[in-house]
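Here is the structure we will look at, set down as structure tokens.
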Amino acid sequence: MGMFDALNISSSGLTAQRLRMDVIANNIANVNTTRTSEGGPFRRSQVVLRPRSERWNFKSHFLPEALKNHVGEGVRVLKVEKDAKPPRLKYDPTHPDALDFGPNKGYVELPNVNIVEEMVDMISATRAYEANVSLMNSSKQMFNRGLEIGLR
């Protein structure tokens with residue numbers, strides 16, 4: 001593991017968690033949006049993360065030597081996708097976006113955003129962001145200590 005690998009790994013985590021927090025904030029902001037430019041209610045977005053390396057990330061006695069000492073290489077954003085859950089329905093025939101026909105006549109399709117789930121995801125993303133900041137600060141302290149040893 002090189003000197004700056006820890007900084008590269010934590011910076012990829014910072015970038016990914018920042019995007020995740022932005023997507024969650026957008027979901028929360030649109031919790032009551034019943035009409036979008038695509039048509040229909042707002043659909044919740046979610047970030048899909050993957051390791052930068054496509055190699056196995058677990059250790060086993062049966063793996064070849066090349067994979068046993070594998071160090072993580074960070075995380076990357078694979079995609080931001082729309083959640084496939086159906087929209088919530090609320091009966092309100094006076095709403096301008098209420099359905100005019102079909103079995104759900106008089107119901108309004110609301111976004112499939114659950115505010116409690118979004119807040120839990122936001123806390124999780126914040127904690128992961130803080131952990132990556134902590135790793136960066138620890139790495140900088142180790143670099144400084146190493147420089148101090150070389151000066152003595």
Exactly one of Val133, Val116 is under 28 Å from Val77 (Cβ atoms), free of Cβ contacts under 8 Å to residues at least 60 places away in the same chain and assigned to a helix (DSSP H, G or I), and that one is Val116
Here is a list: Glu73, Glu38, Glu81, Glu54. Which entry is acidic (Asp, Glu), within 24 Å of Thr126 (Cα to Cα) and modelled with pLDDT under 90? Glu73
Given the conditions (1) within 19 Å of Pro41 (Cα to Cα); (2) free of Cβ contacts under 8 Å to residues at least 60 places away in the same chain; (3) of a type outside the set (Phe, Trp, Tyr); (4) loosely packed, with under 14 Cβ neighbours inside 10 Å, and given that Leu99 satisfies all but one, which numbered condition is not satisfied? (4)
Is it the case that the range 131-148 has a residue that's under 22 Å from Ala29 (Cα atoms) and at pLDDT 95 or above? no
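The values are calculated or read from the model by the stated rules, or taken from the named source; none is laboratory data. Note that the structure is predicted; figures quoted are calculated from it, not measured. FYI the Cβ positions are ideal-geometry reconstructions off the backbone, even for glycines, and counts take in every protein chain you see.
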